[in-house]
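K.L.:
Sending over a structure as structure tokens; questions will come in a sec.
The values are calculated or read from the model by the stated rules, or taken from the named source; none is laboratory data. Predicted model, so just to flag it, every value in this text is computed and none were measured. Using ideal geometry, Cβ is built from the backbone for each residue, glycine included, and neighbour counts are taken over all protein chains shown. In case anyone asks, the SASA skips ligands and DNA or RNA and just uses the protein heavy atoms, side chains included. Shrake-Rupley method; radii C 1.70, N 1.55, O 1.52, S 1.80 Å.
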Amino acid sequence: MNDINLTLVVVSAALLGCGVYLLLERSLSRVLVGLVMMGNGVSLAFLVAGGPAGSAPIIGSESGDASEMADPLPQAMVLTAIVITLATTAFVLAMAYRSWQLNGHDDVQDDVEDAAIRRMAATDVTSEAYGAASDDEDTDVSDDPRESDETPAAPEPGGAAPLATALDAVPGTEPRP
Amino acid sequence: MSALIPLPVLLPILGAGLSLVLGQHPRLQRLISVVVLASIVVVAAILMVAADTEGPQVLWVGGWTETLGIVLVADRLAALMLLVSATVTLAVLAYSLGQGMTEDEENATLSVYHPTFLVLVAGVANAFLAGDLFNLFVSFEMLLFASYVLLTLGGTATRLRAGTIYVLVNLLSSTLFLISLAVVYAATGTLTLAHLAERIADLPDHVALMIQLLLLTTFAIKAAVFPLSFWLPDSYPTAPAPVTAVFAGLLTKVGVYAILRIQTLLFPDSPLTDLLMWAALLTMLVGILGAIAQSDIKRMLSFTLVSHIGYLVLGIALASSAGVAGTIFYVVHHITVQTALFLVVGLVERRAGSTSLMRVGGLARIAPLLALLFFVPAMNLAGIPPFSGFIGKVGLLQAAQDQGSTLAWALVVGGVLTSLLTLYAVTKTWAVAFWRTPAEAHEALEEIAERDPGYGALSSAEHRGHVHTPRGSLSLAAIEEARRLGDDDLPDRDFHQLIKDGDDTPHMPRSMVLPAAFLVTASVALTVVAGPLFAYSDRASNDLLDRTPYLSSVLTGDEQ
């Protein structure tokens, strides 16, 4: 069995755990911090996967022969992952800022269409696709249990609606009709 | 011939760079995009012929040797997927050009549309060609980042909301992918698929199982398989129609391709067959039940997309030659049909101003071509003979029947039921959107508003999570007006604002209709070429399950 650096493993696990915890937050900025922590935790896991520490993997230097060198491949992979995390951070920050511009907060919001359908089901409204003729077909309300699993307990979809409505009418940000 | 392999990846990346530089010249950007995509179609066709006649085409990038390098492999499956994706993407590009997406007067940043589109294509091409897990990871990241940009194009509130969900779910799956890569590397010391195919067999069972579960979960998130599919109907409908079409046609299929590749190449005697079959069954049923509940056409189609991914996983789970062949045929069919449907729904949106079934009606009289363009792929999706949907489903169900276990029979029943329910969902849309009279629509809307004032308020505020037109709220006002005046029989015009008064813009420009019609025709043509295509799928499936053609081409070195 190879020697595994216990500190690296413990730190990686701690980072991943904290990252997952933060990932479940409402505020996008906190989610971002969680994602970055998770990314760092995974990078440490890569280093663990690369085997024990060794000398610099440069052929011909005083590092000795290949068996004493550190494995360069996980290091390359970690570098790639760091660069990708950088791009992620930039993009998510831009999204959080845009959300703050539009909504005044950067909370991750729920699926409003889903909430609307759930409410329709709760008030026992028939699917309007049947038109006025048929009042006796409630088959669509039975799909409720699955859709209630999709979103966490939405605090107030109705409350979020008017805010987004006013901002949807912001000129110049509409998609082309 | 191997020299052609990197072209589907290189050309779009170079094109994207060039396109960014030429941001002020939209005509040149369009030209670059079209030229690049057309050349990828040609290269993919050549690779497909070469893979079919000579065996997998292999390229070790940079000339590095087997032990060190990254390999690109174009076998039958990869070349077929590349060809289909490139063709479909070219059609969607033509559609989006016709829609004038890049000529938005208000929004100068739309000069990023073309570069982003090309990066997406590069990522997809690289994902199909990758012979190395880390290369697969990088290509996933490329296409995902491009998709983040395309999904949140314009930065409107609804797109941002949906985009956030999409971004976070996919970032989570990318992190999971990285973790699985770390585990794979720690266990085997390599990430090349060909080497892994040999070394995983030597691993202890529990380690191999862990690796398989990690990779499957990662790709299942991307492919939207049942427990992990909630993000798709939330985020896909809010994007512009061509973007949704590309996502539906490409991104989930890349996930399915990855599952297919690792299941056949790395884990041939998988203990997870039952799990995959359950996942397929539940995906099929839950997806289609979700589709029935929707009152928005785009959302309904997103749910059918999820549901039919279940068919694909069904074939993979069976792991028999017939099953995998059925999956390959069905993937080609599904990419074409689903993309065609989303493009047609984009046309509906253009013509009627909305895709909500509450607002749209009577389109068949006003736009009969649109009705035809919707009807054909809708019947194809539902699996009506003689279309390719029927052929693909029969192939898959026969493969399940051949396997004969109880779970396989449950899958057969589930598959047939899903097909029926798909027919129900699209027929409902067909009946409402195309044949409903305004009087019926008026009554339905009124009833909704009475029973659920919140819903009525939401819809009048256009907070529906998809298309916005300020004209939408006008429809309720028009109804109020008409009711006040005692007029029960509303003319088409007032109800769904088909005509922008005094507007000279053609409602459905030919440049939009033609690509949609092309894809619909292609989906019909699949019926005609179904014989050769199924034979090709059989050959590809035998290659995959046999593993020898792939392994012998990659490992004993067609080195460059």
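K.L.:
Hey, rough spin-label estimate for A:Tyr21 and B:Glu450, points 7 angstrom out along Cα→Cβ, what's it come to in nanometres?
P.N.:
5.4
K.L.:
Scattering from the C-alpha atoms of region A:13-54 alone, worked out with Debye: what is log10 I(q)/I(0) at q = 0.14, 0.16, 0.30, 0.35 1/Å?
P.N.:
So the normalised log intensities work out to -0.34, -0.41, -0.89, -1.06.
K.L.:
On alpha carbon coordinates alone, what is the Rg over Rh value for region B:129-218, Rh being the Kirkwood radius?
P.N.:
Numbers: Rg = 16.1 Å, Rh = 14.5 Å.
Answer for region B:129-218: 1.11.
K.L.:
Per residue of chain B, what 222 nm ellipticity follows from adding -39500 (n - 2.57) for every DSSP H run with n ≥ 4, rounded to the nearest 500? Kindly include the intermediate steps, with their values, before the conclusion.
P.N.:
Numbers: 25 runs with 407 residues, N = 560.
Rounded to the nearest 500, the figure is -24000 deg cm²/dmol.
K.L.:
Something else now. Which ³J(HN,Hα) values in Hz, rounded to whole numbers, follow from the phi angles of region A:78-84 under the Karplus curve 6.51 cos²θ - 1.76 cosθ + 1.60, where θ = phi - 60° and Gly and Pro get x?
P.N.:
5, 4, 4, 4, 5, 5, 5
K.L.:
In degrees between 0 and 90, to the nearest 10, how far off the longest principal axis of chain B does helix B:273-293 point, with axes built from Cα atoms?
P.N.:
It is inclined by approximately 10 degrees.
K.L.:
Something else about it: Taking a probe of 1.4 Å, how large is the accessible area per residue of chain B, in Å²?
P.N.:
Values: 17810 Å² over 560 residues.
About 32 Å² of surface per residue is accessible.
K.L.:
Using a cut-off of under 15 Å, list every residue of region B:189-213 whose amide N is near the label point 7 Å from the Cα of A:Ala13 along the Cα-to-beta-carbon line.
P.N.:
Zone members listed by number: none at all.
K.L.:
To continue, here is another question. Simple spin-label model, 7 Å along Cα-to-Cβ: B:Thr406 to A:Trp100 in nm?
P.N.:
Output for this residue pair reads 5.8 nm.
K.L.:
Over 36 Å, how big is the tail of the calculated P(r) for chain B, in percent of all Cα pairs? It would help to have the intermediate numbers written out before the result.
P.N.:
Working: 50475 of 156520 pairs.
In whole percent, the share of Cα-Cα pairs in chain B beyond 36 Å is 32.
K.L.:
Could you work out how far apart the two model spin labels at B:Ser2 and B:Trp435 are, taking each label as a point 7 Å from the Cα in the direction of the beta carbon, and quote it in nm?
P.N.:
Distance between label points: 5.9 nm.
K.L.:
While we're looking at this one, here's another question. Applying the Karplus parametrisation 6.51 cos²θ - 1.76 cosθ + 1.60 with θ = phi - 60° to the phi angles of region B:392-401, what ³J(HN,Hα) value in whole Hz is obtained for each residue in order, glycine and proline being reported as x?
P.N.:
x, 5, 4, x, 5, 5, 5, 4, 5, 5
K.L.:
Can I ask one more? In vacuum, with every alpha carbon of region B:64-178 counted as one equal point scatterer, what does the Debye formula give for log10 I(q)/I(0) at q = 0.09, 0.10 Å⁻¹? Two decimals, please.
P.N.:
The Cα Debye sum returns log10 ratios of -0.31, -0.38.
K.L.:
State log₁₀ I(q)/I(0) for region B:256-302 at q = 0.21 Å⁻¹ as given by the Debye formula over alpha-carbon point scatterers of equal weight, solvent excluded.
P.N.:
Values, matching the q order: -0.76.
K.L.:
Taking R0 as 51 Å, what FRET efficiency do you get between A:Ile4 and B:Leu369 from their Cβ-Cβ distance, rounded to the nearest 0.05?
P.N.:
Details: r = 66 Å, r/R0 = 1.30.
With a Förster radius of 51 Å, E is 0.15.
K.L.:
Scale the Cα Rg of region B:349-421 by the rule-of-thumb value 2.2 N^0.38 Å and send over the ratio, two decimals.
P.N.:
Working: Rg = 17.1 Å, N = 73, 2.2 N^0.38 = 11.2 Å.
Dividing the Cα Rg of region B:349-421 by 2.2 N^0.38 Å gives 1.53.
K.L.:
Students often check this: by mean Cβ neighbours within 10 Å, which of B:135-148, A:15-28, B:323-336 ranks highest, and how do the rest follow? Numbers along the way, then the final one.
P.N.:
Working: B:135-148: 23.1, A:15-28: 16.7, B:323-336: 27.2.
In descending order of packing, they fall as B:323-336, B:135-148, A:15-28.
K.L.:
Of all alpha-carbon pairs in region B:195-239, indicate the percentage at a distance above 15 angstrom.
P.N.:
Numbers: 559 of 990 pairs.
It works out to 56 percent of all Cα pairs.
K.L.:
Alpha carbons only, please: Rg and Dmax for region B:210-346, in angstrom.
P.N.:
Here Rg and the maximum Cα pair distance are 14.3, 44 Å.
K.L.:
To continue, here is another question. Could you pull out every residue, at least 5 positions away or on a different chain, whose amide H is within less than 5 Å of the one on B:Arg359? Hs are placed 1.01 Å off N in the peptide plane, and Pro or chain starts have none.
P.N.:
The list, which skips near neighbours in sequence, is empty: none.
K.L.:
Output the peptides B:22-29, B:294-301 sorted from most to least packed, where packing is the average of other Cβ atoms within 10 Å over each peptide's residues.
P.N.:
Numbers: B:22-29: 15.4, B:294-301: 27.2.
So the order, starting with the most tightly packed, is B:294-301, B:22-29.
K.L.:
Using the Karplus curve 6.51 cos²θ - 1.76 cosθ + 1.60 with θ = phi - 60°, what ³J(HN,Hα) values do you get for each residue of region B:544-553, in whole Hz, with x for Gly and Pro?
P.N.:
Each residue's phi maps through the Karplus curve to give 5, 6, 7, 6, 5, x, 4, 5, 5, 5 Hz.
K.L.:
Under the definition of partner shielding as Cβ atoms of other protein chains within 10 Å of a residue Cβ, what is the mean value for peptide A:115-121? Write down the numbers at each step before the final one.
P.N.:
Values: counts 3, 10, 7, 1, 4, 7, 1.
That works out to 5 on average.
K.L.:
Which whole number gives the average count of other chain Cβ atoms within 10 Å of the Cβ atoms across peptide B:176-186?
P.N.:
On the way: counts 2, 1, 13, 7, 1, 7, 14, 2, 1, 9, 9.
Neighbouring Cβ atoms belonging to other protein chains average 6 per residue here.
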